[in-house]
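Visitor: Here it is, the structure, as structure tokens.
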Amino acid sequence: GDSVTQTEGLVTLTEGLPVMLNCTYQSTYSPFLFWYVQHLNEAPKLLLKSFTDNKRPEHQGFHATLHKSSSSFHLQKSSAQLSDSALYYCALRANYGNEKITFGAGTKLTIKP
Amino acid sequence: EAAVTQSPRNKVAVTGGKVTLSCNQTNNHNNMYWYRQDTGHGLRLIHYSYGAGSTEKGDIPDGYKASRPSQENFSLILELATPSQTSVYFCASGEDWGGYAEQFFGPGTRLTVL
């Protein structure tokens, strides 16, 4: 079946340093990949989604590149801000049939001054 | 503004009791979903629906039932609640156009089963 792996459960960084959150996936068919973000006491919401035409999605300074050869969709930002502290989920939607999205276990990102 | 709302926001139940979590959406989306969120497990899909009258099993349906009486409403039912069902439950609505899917989540319901 489809699966998403986020290897880091907790990431702590100093403000201004670059951010990279890892995401790898397994899927029988070429899937669509997403990043969702959940701030404290809020609902998850979509941050980024992959494109089929190799464009690099960007939002709020974050970007991610879908690498089919390595089955990865890592989330990156050049300079972390305190407001980036949140729970980040990588998610996958298989490119066939049923409309389920499979979420990874999540990475809690904490940015310190 | 389109929204997904959930009720109750907090619930304390006793083991063996019946619990109903309700979700309402004004997005006019066909699809609705119920997830539970647990540390270390992320968001796990319990049940989902393609429209009024339909329910489908997700990845962890055991111990849960779902009901979709209308486009706007989707309920999650725990007939015999157990302490292992203590969690935060999120409802979501969404559309899916060939994979360009986006789900819009409600604020969550914190359920404690004693």
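The values are calculated or read from the model by the stated rules, or taken from the named source; none is laboratory data. The shown structure was predicted, so the numbers you read here are calculated from the model rather than taken from an experiment. A quick note on method: Cβ atoms are made from the backbone with ideal geometry, for glycine too, and the neighbour counts reach across all protein chains shown. All accessible areas refer to the heavy atoms of the entire protein, side chains included, with ligands and DNA or RNA removed. Shrake-Rupley method; radii C 1.70, N 1.55, O 1.52, S 1.80 Å.
Visitor: From the list A:LEU40, A:LEU47, which residue is of a type in the set (A, V, I, L, M, F, W, C) and in a strand (DSSP E or B)?
Guide: Values: A:LEU40 fails: in a strand (DSSP E or B).
On inspection, the qualifying residue turns out to be A:LEU47.
Visitor: Next question, about the same structure. I need the full set of residues from region B:8-53 which are at pLDDT 95 or above, loosely packed, with under 15 Cβ neighbours inside 10 Å and within 12 Å of chain A (Cβ to nearest Cβ), in order please.
Guide: Within region B:8-53, B:ARG9 is the sole residue that qualifies.
Visitor: For region A:18-51, which residues satisfy the criterion of being among the charged types (D, E, K, R) and surrounded by fewer than 17 Cβ atoms within 10 Å (Cβ to Cβ)?
Guide: A:GLU42, A:LYS45 - these are the residues of region A:18-51 that are among the charged types (D, E, K, R) and surrounded by fewer than 17 Cβ atoms within 10 Å (Cβ to Cβ).
Residues are listed down the side, and each one gets a yes or a no for (1) of a type in the set (Ser, Thr, Tyr); (2) in a strand (DSSP E or B):
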| site | (1), (2) |
| --- | --- |
| B:THR15 | yes, no |
| B:LEU43 | no, yes |
| B:ALA81 | no, no |
| B:SER84 | yes, no |
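Visitor: Check A:ILE111 against each of (1) part of a loop (DSSP other than H, G, I, E, B); (2) more than 14 Å from chain B (Cβ to nearest Cβ); (3) not small (Gly, Ala, Ser) and name the one condition it does not meet.
Guide: Condition not satisfied by A:ILE111: (1).
Visitor: Okay, next question. Does B:PHE74 count as among the aromatic types (Phe, Trp, Tyr), assigned to a strand (DSSP E or B) and facing another protein chain (nearest Cβ under 9 Å)?
Guide: In short, no.
Visitor: Quickly run through region A:85-108 and pick out the residues that are outside any strand (DSSP E or B), among the small types (Gly, Ala, Ser) and either more than 26 Å from B:MET32 (Cβ to Cβ) or touching a residue at least 24 places away in the same chain (Cβ under 8 Å) (or both).
Guide: Within region A:85-108, A:SER85, A:ALA94, A:GLY104, A:ALA105, A:GLY106 meet the criteria.
Visitor: Taking region A:67-84 as the search range and keeping residues that are outside any strand (DSSP E or B) and free of Cβ contacts under 8 Å to residues at least 40 places away in the same chain, which one is nearest to the other protein chains (Cβ to nearest Cβ)?
Guide: A:LYS68
Visitor: Restricting region B:54-67 to residues that are under 28 Å from A:ALA105 (Cβ atoms) and part of a loop (DSSP other than H, G, I, E, B), which is most open to solvent (accessible area, probe 1.4 Å)? Spell out the reasoning first.
Guide: Filtering region B:54-67 for residues under 28 Å from A:ALA105 (Cβ atoms) gives B:55-66.
From what is left, the residues that are part of a loop (DSSP other than H, G, I, E, B) are B:55, B:58-64.
Details: B:THR55: 63, B:GLY58: 15, B:ASP59: 85, B:ILE60: 44, B:PRO61: 23, B:ASP62: 131, B:GLY63: 50, B:TYR64: 20 Å².
Here the residue is B:ASP62.
Visitor: Inside region B:76-104, can you point out the residues that are of a type in the set (Gly, Ala, Ser) and touching a Lys or Arg at 6+ places or on another chain (Cβ under 8 Å)?
Guide: Once the filter is applied, which keeps residues that are of a type in the set (Gly, Ala, Ser) and touching a Lys or Arg at 6+ places or on another chain (Cβ under 8 Å), region B:76-104 yields B:ALA81, B:SER87, B:GLY99, B:ALA101.
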